[in-house]
Amino acid sequence: TSLALLYFNLGALQEATEAYLRVHFKFPRDPSPLINLASIELRKSDFIAASSYLERAVALDGCSVMAKYLLAMVLLRLGKHNQSVNLLRSALRESGPSAELNQGLAIAYLVSGDLKKAERAFLTALAINKTMVSAVHGLAVLRFQQKRFSEVIEGLLDHLSHFSGDGEARELLAGAYVQLGQFARARGQLTLLVPAKTNAKEERAELARISN
């Protein structure tokens, strides 16, 4: 497997594929080679081939829960929303509390248009791991889309009190302030986001950009 990994890291995907296929032939009950083969296909943006490898991997004993998470995300890309949701819910039953799986479930619900369940899943992920930055962003974006700007602001201010260097959260916060017409506060966030930016014209352009 070390040779296959070397090929993969060098970008020699055909050689990596052949090497992992040899490992799979030798150890057919080990899901790892199949997961690595799926990773190669994902690098090539071949989601159908990746899903085929991952479906075979998750059917084997000892397959990691995160492989199921990866398959669920691939199924979303293929438009198979219900399958993705069902797989994530099954993985959660097997693994117990998992911030990553709940975030994946939130994304699946979000893509399928069930915003209430998506919000609950994001909140569950953050209840398990309150420092999960990607879940903070996802929840903020969901609420932003629903025009719940005050809740966006409250959540992001709390998050930034612990993670002041989170530029994406600060930009979302500035955007929420813009939507409420609180331009001075939005400008204050942009100043913190890009301390070196002093040109007023640039600031106005940035305010216009994040308000769209």
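The values are calculated or read from the model by the stated rules, or taken from the named source; none is laboratory data. All values reported here derive from a predicted model rather than from experimental measurement. Here the Cβ is made from the backbone with ideal geometry for all residues, glycine too, and neighbour counts use every protein chain on show. Calculation scope for accessible area: heavy atoms of the full protein, side chains included, ligands and nucleic acids excluded. Shrake-Rupley method; radii C 1.70, N 1.55, O 1.52, S 1.80 Å.
Summary table
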item	result
For segment 1-71, the Rg and Dmax computed from alpha carbons only, in angstrom	11.2, 31
Segment Leu10-Ser150, extension gain: residue separation times 0.36 nm, minus the distance between their alpha carbons	45.6 nm
Sites Asn86 and His162, calculated FRET efficiency, Cβ-Cβ separation with R0 35 Å, nearest 0.05	0.50
Segment 1-121 - percent of accessible surface contributed by carbon and sulfur, probe 1.4 Å	54
Candidate aspartates and glutamates for bridging to Lys26, where Cα separation is under 14 Å - those fewer than 8 sequence places away on the same chain excluded	Glu18
Cross-link partners of Lys68 among aspartates and glutamates (Cα-Cα below 19 Å; sequence separation of 8 or more within a chain)	Asp30, Glu41, Asp46, Glu55, Glu94, Glu100
Separation between Cα centres of segment 23-101 and segment 119-175, rounded to whole Å	28
In degrees, nearest ten, helix 200-211 long axis to first principal axis of the chain (Cα)	60
Sequence of Phe163, Phe183 from largest to smallest accessible area, 1.4 Å probe	Phe183, Phe163
Calculated [θ] (222 nm, deg cm²/dmol) that DSSP helices of n ≥ 4 give over the chain, each run adding -39,500 (n - 2.57)	-24500 deg cm²/dmol
Residues of segment 150-186 with amide N under 19 Å of the 7 Å Cα→Cβ point at Leu115	150-156, 172-173, 175-181
Among Leu87, Leu78, Leu54: highest mean-square fluctuation, GNM of the chain, C-alpha pairs under 10 Å	Leu78
